[in-house]
Every structure is written in C-alpha cells, then in structure tokens.
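First comes the structure, then the notes that go with it.
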Amino acid sequence: MKNVRILLSAFVLMSVMQSCKDKNNLEEVVAVPEPQKIEAAPLGNPDDVKADEGAFQLAKLGYAYDALAPNIDAKTMEIHYSKHYLKYTNELNKAIKGTDLEKKTIEEIFATLDMENKPVRNNGGGYYNHTMFWEVMAPNGATAPKGALAEAINKDFGSFENFKTQFSEAATKQFGSGWAWLVLDKTGKLVIGSTSNQDNPLMPNVSISGKPVLALDVWEHAYYLNYQNKRPDYITAFFNVINWDVVGKKYDAALVK
Ligand SMILES: [Fe+2]
C-alpha cells in the first residue's frame with residue numbers, strides 16, 4: 001500500500017511538472033511568435049484616384065508613387081496623394097457646393113477668402129498647396145534653377161546655396177504642421193517664408209504674401225513613415241527631387257501676371 005501511495009505521488013508530481021513545462025512552452029510561443037513575413041501591399045496607380053463630382057478635381061500626379069524614392073518613399077506618396085489630397089479636394093467641393101465660390105478659380109476664392117470660413121480655408125488650402133507640391137517635384141530633375149529664376153535667386157539671396165539654407169531653415173522652423181514657400185512678392189522680389197496648417201501666401205493676412213513658385217509640405221504625414229522626427233533630413237531629400245523647370249516656369253508666369 002505504501003508503494004502504491006509512493007507511485008501515485010510520483011505520478012501526480014510528474015503530471016504537475018509536465019503541466020508547468022507545457023504552460024511555459026505555451027507562454028513562450030505566445031510571447032515570441034514565429035517571425036511573420038509581411039508582404040508589402042502592391043502600390044496603386046495614381047491615375048485611378050478620382051475625386052467625387054464637384055468643381056475641383058485632382059491634378060494628375062505625373063509620375064508613379066515610387067518615382068521619387070528613396071527621397072520620398074512610395075507608401076508615403078500613395079497615402080499622401082490618394083488619401084490626404086483626395087480628402088481635401090472632396091471636402092473643398094462639399095464646402096463650396098451651392099455657393100458662388102463654385103464658379104471661381106481657387107486663386108479667386110483665396111483673393112476674397114473669409115478666413116473664418118474654416119472648411120474653405122483648410123480644404124481649399126489643402127487642395128491648392130498639394131496640387132502645387134506634386135507639380136514642383138519630379139524624379140531626376142535639374143539640380144538647380146536656371147534662366148531668369150537663377151538670376152533672381154542670386155540677386156535676392158546672394159547665391160543658390162544661401163537660398164537653399166534660408167528655405168531649409170524656414171521649413172525646419174515652421175512649428176507644427178505647415179508649408180515652406182518661395183514667393184514673388186508685390187515688389188518683384190523673391191521671398192521665403194512659411195505658413196501654418198493649410199494656409200498659403202495667396203490668402204489674406206498670412207505671414208507671407210505673394211505668388212507662390214515653390215512649396216514644401218512639412219506636415220508629418222509628408223515624411224513620418226520614412227524620416228520619423230527627422231524633418232531636416234526630409235528637407236534635404238526634397239532638394240533632390242525639385243522640378244526646377246516647373247519652378248522656373250512658375251516664376252516666369254508670376255512675373256507677367
Ligand atoms: Fe500634405
């Protein structure tokens with residue numbers, strides 16, 4: 001009988017040990033899952049993105065989502081264009097539907113904008129600023145301005161390098177979300193500045209006024225996936241993808257308008 005009790009005790013002890021062992025193994029499995037292969041979702045086509053019916057429609061991106069990589073990564077471009085830009089455009093259309101603004105150009109809307117009209121201010125700005133942003137970038141663009149714009153930059157900033165430093169500084173120091181700008185002011189001079197949120201230099205009573213020729217989005221959604229908090233690195237990379245031919249044409253057009 002004594003032997004039977006010893007055998008039973010040993011059996012119970014082994015069962016408990018096995019249970020603990022299994023439990024530990026289970027916990028390990030739960031705590032340290034097998035590495036999973038995360039398949040990169042295939043990129044969409046920017047031409048497939050359409051705004052809802054309304055006065056304003058999306059500008060074509062003009063290049064693939066991955067065309068600016070590694071300076072601006074494909075996923076950031078896709079989310080930025082197909083989600084953020086689309087939303088601003090749709091919300092702008094909703095905000096002006098049935099009003100006189102529906103028949104105006106975006107520049108005309110800004111010229112007499114009531115800054116208390118937040119839906120038009122924010123979404124109109126979001127529409128205009130991003131439309132310009134896509135346009136002033138391109139893969140393998142010229143690395144520096146030329147022609148009249150190059151001359152004006154040298155005249156108003158001393159050199160291209162000085163301009164680059166000042167523009168980068170404006171973009172870096174813009175607190176929170178906003179944009180950095182190069183504009184032609186009403187005296188015919190090029191000036192650099194920044195605006196908050198989706199404001200821009202065509203709106204009344206903002207910190208910089210004039211005709212925009214270059215815009216840089218410094219909202220976190222424009223760079224956070226690839227650069228996290230390193231906004232200055234994103235700004236440096238932006239200079240690798242500026243489409244100086246387009247910026248030059250915008251400057252020429254601003255001179256004659
Ligand atoms: Fe943006």
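The values are calculated or read from the model by the stated rules, or taken from the named source; none is laboratory data. Please read all numbers here as calculations on a predicted model, not as lab measurements. Every residue, glycine as well, gets a Cβ built from its backbone with ideal geometry; the counts of neighbours run over all protein chains shown. Only protein heavy atoms, including side chains, enter the accessible area calculation; ligands, DNA and RNA are left aside. Shrake-Rupley method; radii C 1.70, N 1.55, O 1.52, S 1.80 Å.
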For region 135-221, list the strands (runs of 3 or more DSSP E) that sit wholly inside it and hold at least 3 residues that are touching a residue at least 12 places away in the same chain (Cβ under 8 Å), surrounded by 20 or more Cβ atoms within 10 Å (Cβ to Cβ) and within 16 Å of the ligand (Cβ to nearest atom); which are they? 178-184, 211-217
Of all the residues that make up region 59-91, how many are free of Cβ contacts under 8 Å to residues at least 60 places away in the same chain, within 14 Å of the ligand (Cβ to nearest atom), farther than 22 Å from Thr236 by Cα and not hydroxyl-bearing (Ser, Thr, Tyr)? 4
Go through region 222-249 and count every residue that is open to solvent by less than 50 Å² (accessible area, probe 1.4 Å), in a helix (DSSP H, G or I) and either touching a Phe, Trp or Tyr at 6+ places or on another chain (Cβ under 9 Å) or within 16 Å of Asn129 (Cα to Cα) (or both). 9
Search region 106-134 for residues being in a helix (DSSP H, G or I) and of a type in the set (D, E, K, R), and hand back the single one that is farthest from Phe157 (Cα to Cα). Lys118
Between a first residue in region 100-118 that is among the hydrophobic types (A, V, I, L, M, F, W, C) and a second residue that is surrounded by 12 or more Cβ atoms within 10 Å (Cβ to Cβ) and part of a loop (DSSP other than H, G, I, E, B), which pairs have beta carbons less than 6 Å apart while being 6 or more apart in sequence or on different chains? Phe110/Leu202; Phe110/Met203; Leu113/Met203
Quickly run through region 55-105 and pick out the residues that are over 17 Å from Val120 (Cβ atoms), part of a helix (DSSP H, G or I) and open to solvent by 30 Å² or more (accessible area, probe 1.4 Å). Lys75, Ile79, Lys83, His84, Leu86
